[in-house]
Amino acid sequence: MNKEIGEGFGFLTRAVHAGNEIDGETGAIRRPITMANSYALPYDPSDLNWSSAEGNLYTRNGGANQRYLQEKLCALEGGEDCVVLASGVAALAGVFFTCLRSGDHAVVSDSTYIAAYRLLHELLPEKYNVASTLVDSTDLDAVRAAVRPNTKLIHIETPANPTMKVSDIQAVARIAHDAGALLSVDNTFASPYNQRPAALGADLCVESLTKYINGHGDAMGGAVVGAKPLIDRIRAEAMVNVGGVISPFNAWLIMRGAVTLPLRMRQHNESAQAAASFLARQKAVRFVAYPGLSDDPGHAVAKVQMPGGFGGMMAFGLKADHETHNRFVSHLRVITSAVSLGHDESLIVFLGEQDERQYLYPAAFHGGFFRLSIGLEDTDDILRDIAQALEKTGLGGARL
């Protein structure tokens, strides 16, 4: 039975069925893990292209579990084709490595994941003569002014890590295309449940599958979704020739995690909205950045382009010194101090005053702040955990 589950079906149905078929050998209704790194050759293999990603040849060229996951992600993102790679950073590097050549220029959000910042602000300029301009991508005039005749790529992250800035994807896409450039969007903070950049004009959508799409903190992967000719190039250059391939087991784990993405995102969205509203009411809280708050600078744009919800990520700071921020974290019992995001458990990380990108952040972020990923615990337990930590830190009793 071939399940052709695409845009005609609802998001939950696609999450369950896309990429899955009955196994022809065993009759299992779940795709098996194929851990082989090599596949049987035809009778005469002499005319094979050993770098081909078509069919099953060698797992660096693509494997069975990777293809199943790619089918599911195409269905969820609404894209034509997809390549799955070893991590979210491998996906970012694949886009930049494929789309930019020596002498080219890129315009980049000034608030992005640290690896994107390193790649486009440091490594590609220093090693390959690729220039980049960091710009506040929420300011369309600034984006337009940053474009040069040799601009080949605009890369934005929305909502942005860690500032939660929201960029208008449709508007930036028009600027990119008017300049003959491509637009890539890192959609990791939103997930395809909340936001689908392809429908808003993005040429490439990047996801760190490690985060929400896997959702369980136990596998790493990255994906790029877009038009087939461009994805074929990324597949050939970043996966086959550079070797950024995902393991079959990680692909299988992420395939399994993606099934519950819509259910998990509903809870992430609901609890994060409650947590952001709660934090915003506390006298000890210096600021809260969350696009679901009506007074957030990105709220109006997010309300339009994130119809599924505003996500599980936020940033906030306390009216306190460096040590007090750390003591607050030490009193948390439900929320875990750890990096990453989109897990089943809530995660918090303190970003201190010495962050090298501090000069790029809004003024409210100066003086240290938290990045908080809201998990799947009971909403009231999350709020009570924050309240008791504030009280034990000496920042006053918080009202639920």
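Which ordering of Leu123, Leu73 is given by a fewest-first count of other beta-carbon atoms within 10 Å?
Working: Leu123 15, Leu73 28.
Lowest to highest Cβ neighbour count: Leu123, Leu73.
Given the -39500 (n - 2.57) contribution per DSSP H run of 4+ residues, what per-residue ellipticity at 222 nm results for the chain, rounded to the nearest 500 deg cm²/dmol?
Details: 14 runs with 132 residues, N = 400.
After summing the helix terms and dividing by residue count, I get -9500 deg cm²/dmol.
Here region 81-193 is treated with +1 on each Lys and Arg Cβ and -1 on each Asp and Glu Cβ, and its dipole about the Cα centre works out to around 240 debye. Under the criterion of Cα pairs below 8 Å and six or more residues apart, the relative contact order for region 261-392 equals 27 percent. Rounded to the nearest 20 debye, what is the charge dipole size of the chain about its Cα centre when +1 sits on each Lys and Arg Cβ and -1 on each Asp and Glu Cβ? The dipole of the chain has a size of about 500 debye. Per-residue packing, averaged as other Cβ atoms within 10 Å, sorts the ranges 138-146, 107-115, 205-213, 353-361 into the order 205-213, 107-115, 138-146, 353-361, beginning with the highest.
Expressed to the nearest 5 percent, the antiparallel share of DSSP beta bridges inside the chain is 55 percent.
Projected label points at Ser294 and Arg256, each 7 Å from Cα along the beta carbon direction, are separated by 4.4 nanometres.
In terms of its Cα atoms, region 164-295 spans 54, 42, 23 Å along the principal axes, sorted from long to short. Bridging of Lys72 to lysines at a Cα separation below 20 Å is possible for Lys3, Lys211, Lys228, once same-chain residues fewer than 8 apart are set aside. Axis angle, to the nearest 10 degrees, between helix 248-258 and the longest C-alpha principal axis of the chain: 50 degrees.
Each Lys and Arg Cβ is given +1 and each Asp and Glu Cβ -1; about its Cα centre, region 261-392 then shows a dipole of about 240 debye.
How high is the relative contact order of region 194-300, in percent, counting Cα pairs under 8 Å that sit 6 or more residues apart?
Working: 88 pairs, mean separation 22.1, N = 107.
Reported as a whole number, the value is 21 percent.
Simple spin-label estimate for Arg266 and Asp321 gives 4.8 nm between the two label positions (7 Å along the Cα-to-Cβ direction from each Cα).
FYI, it's all coordinate maths here, none of it is from the lab. Just so it is clear, the model here is predicted, and its values are computed rather than measured. Ideal geometry is used to build each Cβ from the backbone, glycine not excepted, and the neighbour counts take in all protein chains shown.
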